[in-house]
Every structure is written in structure tokens, then in C-alpha cells.
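**Student:** Handing you a structure now.
The values are calculated or read from the model by the stated rules, or taken from the named source; none is laboratory data. Bear in mind that the values here come from a model prediction, so they are computed numbers and not experimental data. Cβ: placed from backbone, ideal geometry, glycine included. Neighbour counts: every protein chain shown.
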Amino acid sequence: MRAVLALAILLALPSLAVAESLSDCSYNGISLHGKVQEVSSFPDIKVQIVDSFPDLKVQTVSSFPNDCGQWQMVDSFPDFTVQVVESFPDIKIQYVSSFPGVN
């Protein structure tokens, strides 16, 4: 029984660490708003796109990405880069049309 409890706690720790680090709308010192470029290698952040239970809700905007979770997708001069992955993401995101930000 203790082994099962210990395993459950260990599995929960990474998600708690992500939630805690996103509380100020940043990840490893990178503000999670601004101009974003999607890359295929060497990203600043690896993201997984999900339909439920995201770490961050993202709204794509055409200009002024000033609020938490607002991303303006660009091809050059990004504030940070992301790589979309299917497994082992740094954060999980969900695209929304309104109310972006951390849950």
C-alpha cells in the first residue's frame, strides 16, 4: 500500500512543479506571452496540444500579445520558440478563442 502511495506522489510531482512554475505566467524565466515561432528542433519550450486539462490556455492574436497566454505566431524575431511534441512536453497547451492564461 505504501509503495502505491509513494508511486502516486512521484507521478504527481512533475505536474505540480509545472503548475507552480506557471503561476506567474512564465516557464523557466520565459514569459508565456508575446511573439512565438514554431520550430522543429532546439526549442525554448516543448508543448503538447491537448483538448482538456491544459497547463496554459493559448489565444493566438494578430497583434499586441501582451496578456498571459496571448501568442502572436511569427516567422522571425520571436520572443521564444516552441516545438509541438506528442510526448514528454514541458507544458500542455489548449488553444482557445477567449480567456487565455493559466488555470
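Matching residues to (1) under 13 Å from the mean Cα position of the chain (by Cα); (2) loosely packed, with under 10 Cβ neighbours inside 10 Å; (3) at pLDDT 95 or above:
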position	(1), (2), (3)
MET1	no, yes, no
ALA12	no, no, no
VAL61	no, no, yes
TYR95	yes, no, yes
VAL102	yes, no, no
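Here's the yes/no breakdown for (1) part of a strand (DSSP E or B); (2) touching an Asp or Glu at 6+ places or on another chain (Cβ under 6 Å):
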| residue | (1), (2) |
| --- | --- |
| LYS46 | yes, yes |
| ASP51 | no, no |
| GLN59 | yes, no |
| CYS68 | no, no |
| GLN72 | yes, no |
| THR81 | yes, yes |
| ILE93 | yes, no |
| SER98 | no, no |
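**Student:** Filter segment 49-59 for residues that are acidic (Asp, Glu) and surrounded by fewer than 17 Cβ atoms within 10 Å (Cβ to Cβ) and give the result.
**Tutor:** ASP51
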